[in-house]
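Engineer: Starting off with a structure, shown below.
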Amino acid sequence: MVSLNDAKAVSNVIVNTIHPISIVVFGLVARKGIGNDLDLLIITEDNSKLPNETNLIINKCLKPFYKNFAIDPFVIPQSVLNEHHRNGSP
């Protein structure tokens with residue numbers, strides 16, 4: 001099981017590693033404070049590393065957590081997020 005405290009610990013590692021604009025916790029952990037996995041939306045600067053490189057860095061820094069619970073990090077540059085929002089995507 002994953003708790004909000006686990007989400008905070010994971011988020012702190014991500015923040016210290018890639019310095020994203022924002023991290024949004026969603027799914028059961030966000031709604032109920034506990035869940036089976038941790039769903040994260042990670043918003044990065046447009047000029048940050050390439051998405052594949054960022055994903056590799058995140059997966060490497062989260063390796064210690066993977067043995068305890070599943071983490072689904074979704075990384076998106078801010079401009080792409082804004083474009084989806086302008087096109088009506090929730």
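The numbers here are math on the coordinates, done by the rules we state, and not lab data. Please read all numbers here as calculations on a predicted model, not as lab measurements. Reconstructed Cβ throughout: ideal geometry from the backbone, glycine too, with neighbour counts over all protein chains shown.
Engineer: Filter the stretch 29-42 for residues that are closer than 16 Å to N68 by Cβ and surrounded by fewer than 19 Cβ atoms within 10 Å (Cβ to Cβ) and give the result.
Structural biologist: Result: I34, N36, D37.
Engineer: Of the conditions (1) out of contact with any helix residue (DSSP H, G or I) (no Cβ under 8 Å at 6 or more places or on another chain); (2) more than 18 Å from L81 (Cβ to Cβ), I57 satisfies every one except a single condition; which number is it?
Structural biologist: Only one criterion is unmet by I57, namely (1).
Engineer: Out of everything in the stretch 39-57 that is of a type in the set (A, V, I, L, M) and in contact with a Leu (Cβ under 9 Å, 6 or more places away or on another chain), what residue ends up being nearest to P77 (Cα to Cα)?
Structural biologist: I43
Engineer: In the stretch 15-54, how many are farther than 13 Å from V80 by Cβ, among the hydroxyl-bearing types (S, T, Y) and more than 11 Å from the chain's Cα centre (by Cα)?
Structural biologist: Going through the stretch 15-54 one residue at a time, the tally reaches 1.
Engineer: Just checking, how many residues over the stretch 1-21 are out of contact with any helix residue (DSSP H, G or I) (no Cβ under 9 Å at 6 or more places or on another chain) and closer than 12 Å to I71 by Cα?
Structural biologist: 2
Engineer: May I ask you to list pairs of residues, at least six apart or on different chains, whose Cβ atoms are under 6 Å apart, with the first in the stretch 58-76 being on the phi < 0 side of the Ramachandran plot and in contact (Cβ under 8 Å) with a residue 24 or more places away in the chain and the second being surrounded by 11 or more Cβ atoms within 10 Å (Cβ to Cβ) and of a type in the set (S, T, Y)?
Structural biologist: Taking only residues 6 or more apart or on different chains, the pairs are C61/T17; V75/T54.
Engineer: For the stretch 58-78, give me the residue count where each residue is exposed (fewer than 12 other Cβ atoms within 10 Å of the Cβ) and either touching a Leu at 6+ places or on another chain (Cβ under 9 Å) or within 21 Å of H19 (Cβ to Cβ) (or both).
Structural biologist: The number of residues fulfilling the criteria is 4.
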